[in-house]
Amino acid sequence: NTIAMVLAGAMLLPSNAFAADLSQYRDFPNDWSAKSLEQAIDDGLLNGSNGMIDAKGLLTRAQMAAIVSRAFGAAKTASLDDYRDVLPSAWYYSDMGKAVKMGAFQGANGLLNPDAPITREEAFTVLARAFALESGSTASLNVFSDSASVSSWAADSAAALVENGYVNGANGALNPKSNITRAEFAKIISDMA
């Protein structure tokens with residue numbers, strides 16, 4: 001836990017001396033997500049492509065692994081030999097190995113599903129593991145209308161993020177099975193920093 005807190009504290013330090021030039025993103029939003037997206041860009045956690053930040057785009061599991069491994073400055077890499085869907089030639093191979101070594105990512109049935117969009121409950125679990133948050137009381141999820149749809153393996157992590165004020169849901173729901181957008185992720189990670 002101490003190491004995770006030190007690393008989390010390091011995320012609070014400016015990652016560069018210059019603020020991101022948001023004008024380079026022709027689709028940069030002017031809504032609830034703008035401040036969090038700007039922070040994620042400034043911290044080097046999100047970047048765009050072809051002049052787009054794609055705030056409403058879905059975050060993939062590989063992108064999440066890259067963000068987590070970079071945010072924590074992970075250096076050690078786990079062997080991915082047991083996973084048949086992560087090729088050494090993939091852009092995310094090293095980041096995925098680092099996220100697995102950190103314990104933030106775990107596969108199932110020999111798969112890490114790197115190209116699949118990550119669900120909200122999967123993202124909650126990855127973040128809770130990465131930040132070494134204590135398991136929360138699943139009773140705290142009862143305020144959400146869809147609390148029963150949170151998978152049992154994700155409930156403690158979701159509860160930890162809720163109890164710490166990092167996740168508030170929307171319109172009384174957590175939407176755990178929905179895929180998380182880049183903007184939603186930026187909001188959560190910004191609140192955690």
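The values are calculated or read from the model by the stated rules, or taken from the named source; none is laboratory data. From a predicted model like this one, the values you see are computed outputs, not experimental measurements. Glycine also receives a Cβ, built like all others from the backbone with ideal geometry; neighbour counts cover every protein chain displayed. Just so you know, the surface numbers come from the protein's heavy atoms only, side chains and all, with ligands and any DNA or RNA stripped out. Shrake-Rupley method; radii C 1.70, N 1.55, O 1.52, S 1.80 Å.
State the Cα centre-to-centre distance between region 19-44 and region 81-135 in whole Å.
Going from one Cα centre to the other spans 25 Å.
If you place +1 on the Cβ of every Lys and Arg, -1 on the Cβ of every Asp and Glu, and leave all else neutral, what size is the dipole of the chain about its Cα centre, to the nearest 20 Debye? List each step's numbers first, then the result.
Working: 14 positive and 20 negative charges, 44 e Å.
Result for the chain is approximately 220 debye, rounded to the nearest 20.
Using a 1.4 Å probe over the heavy atoms of the protein chains, calculate the carbon and sulfur portion of the accessible area of the chain as a whole percent. Write out the running numbers ahead of the final one.
Details: 4890 of 9820 Å².
Answer for the chain: carbon and sulfur cover 50 percent of the accessible area.
Excluding ligands, DNA and RNA, what is the solvent-accessible area per residue of the chain at a probe of 1.4 Å, expressed in Å²? Before the final figure, lay out the partial values.
Details: 9820 Å² over 193 residues.
Per-residue value: 51 Å².
Highest mean first, what order results for 98-105, 158-165 on Cβ atoms within 10 Å? Could you put the intermediate results ahead of the total?
Values: 98-105: 22.4, 158-165: 20.4.
Put in order of decreasing packing, that is 98-105, 158-165.
As I understand it, the dipole of region 30-100 uses +1 on the Cβ of Lys and Arg and -1 on the Cβ of Asp and Glu, about the Cα centre. Which of 96, 79, 57 lies farthest toward its positive end?
The Cα lying farthest towards the positive end belongs to 79.
Checking the cross-link filter: which lysines have an alpha carbon closer than 19 Å to that of residue 187, excluding same-chain neighbours under 8 positions apart?
Within reach: 35, 56, 177.
Residue 76: which aspartates and glutamates have alpha carbons under 13 Å from its alpha carbon, excluding same-chain residues fewer than 8 sequence positions away?
95
Determine which aspartates and glutamates satisfy two conditions relative to residue 101: a Cα distance under 15 Å, and not lying fewer than 8 residues away in the same chain.
Hits, sequence-local ones excluded: 81, 82.
Arrange the residues 80, 58 by how much accessible surface each exposes, largest first, with a 1.4 angstrom probe.
Result of the area sort, largest leading: 58, 80.
For the chain, place one equal point scatterer on every Cα, skip the solvent, and apply the Debye formula. What is log10 of I(q)/I(0) at q = 0.13, 0.15, 0.16 Å⁻¹?
-0.69, -0.93, -1.06
In the calculated pair distance distribution of region 105-193, what percentage of Cα-Cα distances lie above 24 Å?
Details: 493 of 3916 pairs.
More than 24 Å apart: 13 percent of the Cα pairs in region 105-193.
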